[in-house]
Amino acid sequence: MKKVSLPVQILIALALGIAVGLVCYFAGAADFTAKYLKPFGDIFVNLLKFIVVPVVLLSMIDGIISMGDMKKVGAVGWKTVAYFLCTTAIACVIGLVFANIFNSMSLFPSNLSLQEGAVWDKATSANFMDTLVGIFPSNMWSAFTTSNMLQVIVIALLFGGGIMAAGEKGKLCRDIVSTFYAVIEQVMAFIISLSPIGVFTMMAWVVATQGANIIGSLVLVLLCAYLGYIVHAVLVYSMSAKVFAGMSPVRFFKGAFAAMMFAFTSTSSAATLPVSKECADELGADGEISAFVLPLGSTINMDGTAIYQCVATIFLASCAGVQLGLGQMVTIVVTATLASIGTAGVSGAGMIMLAMVLTAMGIDVNLIMIIYGVDRLFDMGRTCLNVTGDIACAVCVSKWEGKKRN
Ligand code: ASP
């Protein structure tokens, strides 16, 4: 018998979860889902929480090491990273603007009572100076055991920098990081392969406790993210094509279309690499430049993921009845930018990093259950945007270096 692919399994799990949830809701059997189905969702979320620290730590160190080679590529390297960082920060702002508009129009549910007696953690409300000081760990292990993600990032940056500075002597450490990262990626792939179970049990429980209304809310949060994706593509990539690469946006999107579609269906920037390389070269990018920019982009440049993380954070904060202030929005921009850098270019990775943003904001990670069921639908759009950003960068940097063909 042919094995059913993961996306299809997830879709079936989603439909079944909604159906079972609705039946239990109307039959007044929400308790049944809380007692017998939710625990499996809990196991899944526990696994997500468990993997997030090693993934962030290793992927960040690995990212820095791969950027270390940038010295060899000189100006191209810095221009590429500057382009990636600026566009990702803009993506976060766009995501936050849309999420706040939706939130202020009361389109997101507020203060859901998901469980009797549940108390959601309050979002961190310390002032800027306290937050700044708090980012720097005084004890490495306590950063890991309390999942203090900002501190974990600082530790990763320090170790990454240290490994680079140690040069030849640091080679063993560098190899150990790559080896561990390869292993962690496999563990992550295994956890993601359990998605259908997570999707079914969480969807059934959420719908059984919240009723059909929650489905409407999920449609709205998806709409919000997709509006962000589209506006980012139209504003940022059209402008980049026009202003930096001197190319009509229509030509750019036509040229990138094949990779965009491949990314949309595969939900993996890494798997889309060969197609994006072809598209970028076809659009006139220099072969050597695109060979550097695209693989790096598929690991660290995730504009779609950044938008998704911002929208999802505001949505889940609203579900938990937490109102976020301006300072916390800035923290979201910083953590979502870093989280998107740390996101691997594989299916579902952005959702694992969402756990990091939520942890950094002091928002209960269990809330991920609410949107987990539809993560694949978010992932299709965000991967499509991620890949488009990589191609736009390859074309722009080629132009800046005076190497763009036609
Ligand atoms: N699937 C995305 C990508 O490969 C990463 C994510 O899950 O956000 O680009």
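Values computed for the structure shown
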{"quantity": "Values of log10 I(q)/I(0), in the order q = 0.14, 0.16, 0.17, 0.23 Å⁻¹, for the range 128-256 under a Debye, Cα-only, solvent-free model", "calculated": "-1.13, -1.08, -1.04, -1.15"}
{"quantity": "Amide proton proximity set for Asp364, modelled H, under 5 Å, gap of 5+", "calculated": "Asp121"}
{"quantity": "Counted charge near Ala285, where neighbours are those whose Cβ lies closer than 14 Å (Asp, Glu -1; Lys, Arg +1)", "calculated": "0"}
{"quantity": "Highest-fluctuation residue, Met247, Met260, Met202 considered, GNM on the chain with Cα pairs under 10 Å", "calculated": "Met247"}
{"quantity": "Size descriptor, Kirkwood hydrodynamic radius, that averages inverse alpha-carbon separations across the range 256-396, Å", "calculated": "15.2"}
{"quantity": "Helix 249-266 vs. the chain, principal-axis angle (Cα, 0 to 90°, nearest 10)", "calculated": "50"}
{"quantity": "Most to least packed among 87-94, 248-255, 34-41, 351-358 [average Cβ atoms within 10 Å]", "calculated": "351-358, 87-94, 34-41, 248-255"}
{"quantity": "Residues in the range 253-269 that a label on Glu282 would reach, taking backbone N under 15 Å of a point 7 Å out along Cα→Cβ", "calculated": "253-264"}
{"quantity": "Fraction of the pair-distance distribution of the range 1-47 above 18 Å, Cα-Cα pairs, percent", "calculated": "44"}
{"quantity": "Label point distance in nm, Leu85-Ile230, each placed 7 Å from Cα along Cα→Cβ", "calculated": "3.3"}
{"quantity": "HN-Hα J in Hz across the range 277-294 - Karplus 6.51, -1.76, 1.60, θ = phi - 60°, x for Gly and Pro", "calculated": "4, 4, 4, 4, 5, 4, 7, x, 5, 5, x, 5, 5, 5, 5, 8, 5, 5"}
{"quantity": "Using alpha-carbon coordinates, inclination of helix 75-104 to the longest axis of the chain, degrees", "calculated": "30"}
{"quantity": "Nearest-10 value in Å² for the accessible area of Ser240, using the 1.4 Å probe", "calculated": "10"}
{"quantity": "Alpha-carbon Rg with Dmax, taken over the range 1-104, Å", "calculated": "22.0, 65"}
{"quantity": "Residues whose placed amide H lies under 5 Å from that of Asp286, excluding near-sequence neighbours", "calculated": "Ser398, Arg405"}
{"quantity": "Residues of the chain: accessible area per residue with a 1.4 Å probe, Å²", "calculated": "43"}
{"quantity": "Volume of the Cα convex hull of the range 344-406, divided per residue and given in Å³", "calculated": "99"}
{"quantity": "Helix-only mean residue ellipticity at 222 nm for the chain, each DSSP H run of n ≥ 4 adding -39500 (n - 2.57), per residue, nearest 500", "calculated": "-25000 deg cm²/dmol"}
{"quantity": "Overall dimensions of the range 243-311 by Cα: Rg and Dmax, Å", "calculated": "12.4, 36"}
{"quantity": "With 10 Å bins from 0: P(r) over the range 127-167, alpha-carbon pairs, percent", "calculated": "29, 46, 22, 3"}
{"quantity": "Per-residue HN-Hα couplings for the range 215-227 [Karplus 6.51, -1.76, 1.60; θ = phi - 60°; Hz; x = Gly/Pro]", "calculated": "5, x, 5, 5, 4, 5, 5, 5, 4, 4, 5, 5, 4"}
{"quantity": "Label-to-label distance, nm, for residues given as Phe50 and Ile101 (7 Å Cα→Cβ offset)", "calculated": "4.2"}
{"quantity": "Karplus-derived HN-Hα couplings along the range 326-341 (A = 6.51, B = -1.76, C = 1.60, θ = phi - 60°), whole Hz, x at Gly and Pro", "calculated": "4, x, 6, 4, 4, 4, 4, 4, 5, 5, 5, 4, 5, 4, 5, 5"}
{"quantity": "Carbon + sulfur, % of accessible area of the range 165-295 - ligands and nucleic acids excluded, 1.4 Å", "calculated": "73"}
{"quantity": "Computed log₁₀ I(q)/I(0) - Debye formula, equal Cα scatterers, no solvent, the chain, q 0.07, 0.08 Å⁻¹", "calculated": "-0.32, -0.42"}
{"quantity": "Stokes-Einstein D for the range 307-372, Kirkwood Rh over Cα pairs, 10 °C, 1.306 mPa s (µm²/s)", "calculated": "136"}
{"quantity": "Ranked packing of 163-170, 335-342, 16-23, most packed first, by mean Cβ within 10 Å", "calculated": "335-342, 16-23, 163-170"}
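The values are calculated or read from the model by the stated rules, or taken from the named source; none is laboratory data. Keep in mind that this is a model prediction, so the values were computed, not measured. Every residue, glycine as well, gets a Cβ built from its backbone with ideal geometry; the counts of neighbours run over all protein chains shown. Calculation scope for accessible area: heavy atoms of the full protein, side chains included, ligands and nucleic acids excluded. Shrake-Rupley method; radii C 1.70, N 1.55, O 1.52, S 1.80 Å.
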